[in-house]
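Novice: Here it is, the structure, as structure tokens.
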Amino acid sequence: MGFPANGGQALKFLIYGRTGWIGGFIGKLCEAQGIEFEYGSGRLENRASLESDIAQIKPSHVFNAAGVTGRPNVDWCESHKVETIRANVVGTLTLADVCREKGLILINYATGCIFEYDEKHPLGSGIGFKEEDTPNFIGSFYSKTKAMVEDLLKNYENVCTLRVRMPISSDLSNPRNFITKISRYEKVVDIPNSMTILDELLPISIEMAKRNLTGIYNFTNPGVVSHNEILEMYRDYIDPKFTWKNFTLEEQSKVIVAPRSNNELDTTKLKLEFPELLSIKESLIKYVFEPNKKSSGA
């Protein structure tokens, strides 16, 4: 959308976040599509190391899937605030700035966990938060830093910000997978949310780079799905003996340090660009549960 990118150069992606879930996934997709790529070795907060990567690799586009979400979860960020700022704010801004200076589009995997249901966007209403809406959730330090950096990145016309939420993939052994996480919890809340099926959406992010798209995109599948609906699918497709217990947000708040974001994002903008995008429930069945289905005769 207006940024003069890569002047017809052959595709070559520079990817940050080699050891992360999304970064690793993007590399595999590039291999499958025959797209040349390399992982960056520089630290995001070290400007000279990023300049060195770009000079050496000469990419057509840069992808940022680095940053900290915390281990085992975002509560880590509450007690590691400087480290969180260094990776999620200083690092991301430095990379965006270097890319702009070099005339490169940056595809930045961000988060949609910067909103929560409110009076104008009530739970169950189908009214989602749009790209231009101001974040209203700063309950966790992680979300607070992400909202700050998103606001600053709006000034960089070379950045494509993708708001990912509660990512899910067909790899049910991955501990970062939202389905894997909630299937292992002792108790879960039951709230409809927008979510991102990586198997469907990460190839779309590569296509977005090819189209040189910039600006903010709600990067989730259309519609919402609740924890119980996912776990019912898990039981029906994967493990007929699976059981779970629910608890309330009030009960949840006693076992977590920071509150969690619950919201619906409006995907009109992404759907206009990619009309084939499946709704969250259709995508879950096609990309996650059908491929992992356990045959009843087994």
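Novice: Over 32 Å between Cα atoms, which of K144/K269; K245/K286; K130/K241; K241/K286; K102/K146; K102/K281 qualify? Don't jump to the answer; show the numbers that get you there.
Specialist: Numbers: K144/K269 24 Å; K245/K286 26 Å; K130/K241 39 Å; K241/K286 22 Å; K102/K146 24 Å; K102/K281 41 Å.
Checking Cα-Cα distances, K130/K241; K102/K281 exceed 32 Å.
Novice: Let me know the longest stretch in the chain that avoids all GluC sites (Glu not before Pro) found in a DSSP loop with at most 14 other C-beta atoms within 10 Å.
Specialist: 1-118
Novice: Probe radius 1.4 Å, ligands and nucleic acids ignored: give me the carbon and sulfur share of the accessible area of the chain as a rounded percent.
Specialist: 52 percent
Novice: Let me ask you something else. Between the stretch 172-196 and the stretch 251-292, what is the C-alpha centre distance in whole Å?
Specialist: Here the answer is 11 Å between Cα centres.
Novice: Could you give the nm distance between label points at I256 and I127, where each point is 7 Å from its Cα heading toward the beta carbon?
Specialist: Label-label distance for I256 and I127, simple model: 2.5 nm.
Novice: With unit charges on the beta carbons (Lys and Arg positive, Asp and Glu negative) and the dipole taken about the Cα centre of the stretch 24-175, which residue among G42, G128, Y156 sits farthest to the positive side?
Specialist: G42
Novice: Using only the Cα atoms of the stretch 205-252, build the gyration tensor, take square roots of its eigenvalues as a ≥ b ≥ c, and label the shape rounded, prolate or oblate: rounded if a/c is under 1.5, else prolate if a/b is larger than b/c, else oblate. Spell out each step's value before the answer.
Specialist: Numbers: a/c = 4.60, a/b = 2.03, b/c = 2.27.
Oblate, since a/c reaches 1.5 and b/c is not below a/b.
Novice: What shape does the stretch 6-150 have by the C-alpha gyration tensor, where a ≥ b ≥ c are the square roots of the eigenvalues, rounded means a/c under 1.5, and otherwise prolate means a/b greater than b/c and oblate the rest?
Specialist: Prolate.
Novice: In addition: Taking a probe of 1.4 Å, how large is the accessible area per residue of the chain, in Å²?
Specialist: Roughly 46 Å² per residue, with all protein chains present.
Novice: Grab the DSSP H runs of the chain that are 4 residues or longer, score each as -39,500 (n - 2.57), total them, divide by all residues and round the 222 nm result to the nearest 500 deg cm²/dmol.
Specialist: Numbers: 12 runs with 102 residues, N = 298.
Mean residue ellipticity, 222 nm, calculated: -9500 deg cm²/dmol.
Novice: State, to one decimal in nm², a quarter of the convex hull surface area for the C-alpha atoms of the chain, i.e. the direction-averaged projected area.
Specialist: Result: a mean projected hull area of 15.6 nm².
The values are calculated or read from the model by the stated rules, or taken from the named source; none is laboratory data. No experiment lies behind these values; they were computed from the predicted model shown. Neighbour counts are summed over all protein chains in view; Cβ atoms, including those assigned to glycine, are modelled from backbone coordinates with ideal geometry. Surface accessibility is based on the protein's heavy atoms, side chains included, excluding ligands, DNA and RNA. Shrake-Rupley method; radii C 1.70, N 1.55, O 1.52, S 1.80 Å.
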